[in-house]
Amino acid sequence: IDLSERSNQPFVNNEFNSSITFNGEIYNYLELRNSLEEKGYKFKTKSDTETILLGYKEWGPNILNLLRGMFAFAIWDGEKKELFLARDRLGEKPLYYAWFNEKLLFGSEAKAIITWKGFPRKVNFEAIHGFLSFQYSPVPNTAFDSIEQFPAGHFAVIKEFGKLELKQYWSIPEVDSLAKPSTTELILGTKEVLEDAIKACMVSDTEVGIFLSGGIDSSTILSFMNDLNPKKTQAFTIGYDDPRIDERKYAKSVVDFFDIDHHEFLLEQQSADCLSKLVWHFGEPFADPAALPMYILSEEARKKVKVVLAGDGGDELFIGYPRYFACKLMQLFNFFPQSINKTLQLIGKMIPKSSQSLPIIKYMKRFLNDLALENHEKYLNYVSFFNDDMRQEMYGSQLDNFLEKKTSEILEPYFKERSRFMEEAAICDMNTYLPGALLRKTDIASMAHGLEVRSPFLDYKLVEHVSKIPLEKRVKGFKGKNLLKMINKDRIPESIIERKKMGFNVPLDNWLRSGLEDLARDLLLSDTSKSRKLFNYGYIEDLLKRHANKTGSEEYRIWALMNLELWFRMWVDGDSVGLENG
């Protein structure tokens, strides 16, 4: 907003001896600007950057409660000789920091710090341990020993070297169990807040497009964009030759329904050649394969628009992930005495591995094995790439020390009542998986091409509104997004409302049995890789064989290990070829 040179950063205000470095967009900056002008403040630009700086002068840290948007920023107050750091409520924009040589280094990427002259590239193996569970480094860790992630919804005031005290200014509200709105009131109230959120995200000096999958989340956003925008919206869809995960036909039905401009792209196997570029842009191990289509789609979309809306947050807010319903089923067993659950768990452990070729037997064993665990331990098993048993077999001498450190402890604070497993799983995701994986993927993959992605479902007013609604109003039995479906009745095609969730998937299983198979073996079984002593490489070889022979679905684990090895080569070993490729 305000693309003129006068808004360049760092933005300095000489009158108040202050300056700001800011990453993001403030959607309600005009309202805040008007309030400040009424108080006598004079503006030199039309930017949201200057609005934050003058707003901080007027309201101090309380400005964070007024900001609507996505942001990470640092303000230097020359009068008080203090630095103010802040990150948006849900972590749409990243922020990293480190203390080094009596300086505080900070930036929107870990690599902005690691490339500082003389900064040590020491590996944080605890973060690697976390990565192998979650596919990303959990806050506050990063893969670099001296760099930390600044948590979402927090701020800090730094007055002297080495002292950074984090303070939380926002958290997801609890369900309002006392409120008893009618279904009609819920639909109308949520629809109004949702429309307002989408309208806020469309504030821009430039055309706003949309990432369209043909699922209910992006289709919902498009339907409101159509109401709010007299021009044809430009929509962008990526697909595959693999019919199992290709969503283009669903996107096409939405396009025909709304009569919009549609740009469709095919992601082919050779596109995976940009893996090294992804590793360079992320600067840390990151194993969500959806980063690949997001990277390609963003590159293509940027040729047409500078801003797009996306459906991130819809599954967490309106309860869409299948694992939430596994939690709901497990919730029923939480009422059983632990003695019964432990007996059922023993039965599960007795099922031999040889009988697990049938999916139903495999899932039954997994379900029974989890019964006697605490909710946070169960949930880790639902979301982790490598469970505790796998890590016991896989870890080498470099990681052995972390086997006793349970990564489930990261999730434990979000699980307090056994009877609220499903609800607390969604809250846990909003605090961990959403900022750690989804939003990080979206931000880095899109900003690599200068494309800005905005997520209306993460508007804090909408999050506060929906989070207070009891779960039984958001879901129907074992079907998710019931509230969103009711809002969309007669707004989008019925076939889209009722279609089964597909997710933003990649045909990794086939790719890793063809063009990428040799690359995987070369990376993971090389002398370079073995010299790190991270793993039992007999286990890694078995992993590759199981996948190649189709006796196991190991594609996501292999992809995670490939990303990790490439990261070591590029960012720890200092592979100049890898850096140039980025």
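The values are calculated or read from the model by the stated rules, or taken from the named source; none is laboratory data. Computed from a prediction, not measured in an experiment: that's the story for all the values here. Here Cβ is always computed from backbone atoms with ideal geometry, including for glycine, and neighbour counts include all displayed protein chains.
Every listed requirement among (1) farther than 30 Å from residue 269 by Cα; (2) in contact (Cβ under 8 Å) with a residue 40 or more places away in the chain; (3) of a type outside the set (A, V, I, L, M, F, W, C) is met by residue 449 save one, (1). Counting only helices (runs of 4 or more DSSP H) that fall entirely inside the range 208-299 and contain at least 2 residues that are farther than 24 Å from residue 440 by Cα, the qualifying elements are 216-228, 248-258. Considering the range 453-472, the residues that are within 18 Å of the chain's Cα centre (by Cα) and of a type outside the set (A, V, I, L, M, F, W, C) include one that is surrounded by the fewest Cβ atoms within 10 Å (Cβ to Cβ), namely 460.
Take the residues of the range 506-558 that are in contact with a Phe, Trp or Tyr (Cβ under 8 Å, 6 or more places away or on another chain) and of a type in the set (S, T, N, Q): which is surrounded by the fewest Cβ atoms within 10 Å (Cβ to Cβ)? Checking each candidate, the answer is 536. Selection within the range 156-204: residues that are free of Cβ contacts under 8 Å to residues at least 60 places away in the same chain and touching a helix residue (DSSP H, G or I) at 6+ places or on another chain (Cβ under 6 Å). The member of this set that is farthest from residue 261 (Cα to Cα) is 195. Taking the criterion of being loosely packed, with under 15 Cβ neighbours inside 10 Å, closer than 27 Å to residue 453 by Cβ and among the small types (Gly, Ala, Ser), would at least one residue in the range 24-40 satisfy it? No, every residue in the range 24-40 fails to be loosely packed, with under 15 Cβ neighbours inside 10 Å, closer than 27 Å to residue 453 by Cβ and among the small types (Gly, Ala, Ser).
Note on the range 399-414: residues that are surrounded by fewer than 17 Cβ atoms within 10 Å (Cβ to Cβ) and closer than 21 Å to residue 341 by Cβ total 2. The single residue among 444, 469 that is in contact with a helix residue (DSSP H, G or I) (Cβ under 6 Å, 6 or more places away or on another chain), among the β-branched types (Val, Ile, Thr) and more than 30 Å from residue 545 (Cα to Cα) turns out to be 444. Determine whether residue 200 is in a strand (DSSP E or B), hydrophobic (A, V, I, L, M, F, W, C) and surrounded by 14 or more Cβ atoms within 10 Å (Cβ to Cβ). No, not satisfied. Candidates in the range 543-557 are the residues that are assigned to a loop (DSSP other than H, G, I, E, B) and not charged (D, E, K, R); of these, the one that is nearest to the chain's Cα centre (by Cα) is 553. Among the residues of the range 66-87, not a single one is touching a Leu at 6+ places or on another chain (Cβ under 6 Å), assigned to a loop (DSSP other than H, G, I, E, B) and either more than 29 Å from residue 317 (Cα to Cα) or in contact (Cβ under 8 Å) with a residue 40 or more places away in the chain (or both). On inspection, residue 273 does not qualify as at pLDDT below 95 and at positive phi.
On the basis of being free of Cβ contacts under 8 Å to residues at least 40 places away in the same chain and either surrounded by 13 or more Cβ atoms within 10 Å (Cβ to Cβ) or among the charged types (D, E, K, R) (or both), does residue 142 make the cut? It is false that residue 142 is free of Cβ contacts under 8 Å to residues at least 40 places away in the same chain and either surrounded by 13 or more Cβ atoms within 10 Å (Cβ to Cβ) or among the charged types (D, E, K, R) (or both). Filtering 207, 126 for residues that are surrounded by 14 or more Cβ atoms within 10 Å (Cβ to Cβ), acidic (Asp, Glu), outside the structural domain of residue 22 (by TED's automatic domain parsing) and touching a residue at least 60 places away in the same chain (Cβ under 8 Å) leaves a single hit, 207.
Hey, could you check the range 6-20 for residues that are at pLDDT 95 or above and among the small types (Gly, Ala, Ser) and say which is surrounded by the fewest Cβ atoms within 10 Å (Cβ to Cβ)? Filtering the range 6-20 for residues that are at pLDDT 95 or above and among the small types (Gly, Ala, Ser), the one surrounded by the fewest Cβ atoms within 10 Å (Cβ to Cβ) comes out as 19. The selection criterion, being crowded, with 18+ Cβ neighbours inside 10 Å and more than 21 Å from residue 386 (Cα to Cα), does not hold for residue 501. Comparison of 64, 30 shows that the only residue that is more than 18 Å from residue 16 (Cα to Cα) and out of contact with any Phe, Trp or Tyr (no Cβ under 9 Å at 6 or more places or on another chain) is 30.
Summed over the range 371-398, the residues that are more than 26 Å from the chain's Cα centre (by Cα) and buried (at least 19 other Cβ atoms within 10 Å of the Cβ) give a count of 4. The residues in the range 300-347 that are over 30 Å from residue 206 (Cα atoms) and of a type in the set (A, V, I, L, M) can be counted, and the count is 9.
Within the range 475-497, is there a residue that is within 30 Å of residue 121 (Cβ to Cβ) and in a helix (DSSP H, G or I)? Looking for residues that are within 30 Å of residue 121 (Cβ to Cβ) and in a helix (DSSP H, G or I), one finds none in the range 475-497, hence no. If only residues of the range 108-136 that are farther than 28 Å from residue 380 by Cα and in a helix (DSSP H, G or I) are counted, the one that is nearest to the chain's Cα centre (by Cα) is 111.
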